[in-house]
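These notes concern the structure reproduced below.
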Amino acid sequence: MAKLAPYLYSHNAREQAAFYAAALAGEIVRVQTYGEVPGTPDAMKDRIMHLELQALGLKIFMADAGVTPAERGSGMDLALVFQDEAEAARIFENLAEGGEVIMPFERMFWGTMLGRIKDAYGVTWQIATERE
């Protein structure tokens, strides 16, 4: 058995992780900086080498992008599926703050709620409810 955990590279992993911790009612449980690596240049010491965020029973890993900026692909969304419609709506609104609503959170013809957003950090999310 395996568990899938997204690993997001960021321009500012501390800031982005704090946003997700608040939006998803989670917490940052581990932070390692490049300063822990012997011989790291002073300019890199505070940058995030690895960060672990726990939220909604999930692990999300993050790090600061290297010398090239993180680029987001257009072929993948992170999907969160909830049993509780009110919780899904709250998470949708939290993640949409400062971002762009691509598809409003509303009832689909197949019966579930679904919405799609690009958050303030360029990550695209689908928020849905389970079929009753």
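The values are calculated or read from the model by the stated rules, or taken from the named source; none is laboratory data. Bear in mind the structure is a predicted one, so any value in this text is a computation, not a measurement. We place every Cβ from the backbone using ideal geometry, glycine too, and count neighbours over all the protein chains shown. Heavy atoms of the whole protein, side chains included, go into the accessibility calculation; ligands, DNA and RNA do not. Shrake-Rupley method; radii C 1.70, N 1.55, O 1.52, S 1.80 Å.
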message = Tell me yes or no: at least one residue of the range 11-24 is within 22 Å of ARG131 (Cα to Cα) and within 15 Å of the chain's Cα centre (by Cα).
response = yes
Single match in GLU100, GLU52, GLU71 (criterion: out of contact with any Phe, Trp or Tyr (no Cβ under 8 Å at 6 or more places or on another chain) and within 29 Å of GLU130 (Cβ to Cβ)) = GLU100
query = Do you know which of the residues in the range 61-80 that are among the aliphatic types (A, V, I, L, M) and open to solvent by 90 Å² or more (accessible area, probe 1.4 Å) is modelled with the highest pLDDT?
reply = MET76
Members of the range 98-125 that are farther than 25 Å from ARG72 by Cα and either surrounded by 15 or more Cβ atoms within 10 Å (Cβ to Cβ) or touching a strand residue (DSSP E or B) at 6+ places or on another chain (Cβ under 7 Å) (or both) = GLU106, ARG107, MET108, THR112, MET113
message = So in the range 83-123, with the set limited to residues that are touching a residue at least 40 places away in the same chain (Cβ under 8 Å) and in contact with an Asp or Glu (Cβ under 6 Å, 6 or more places away or on another chain), which one is nearest to PRO69 (Cα to Cα)?
response = LEU95
message = Among the residues of the range 51-60, what is the count of those that are open to solvent by less than 30 Å² (accessible area, probe 1.4 Å) and more than 10 Å from LEU8 (Cα to Cα)?
response = 3
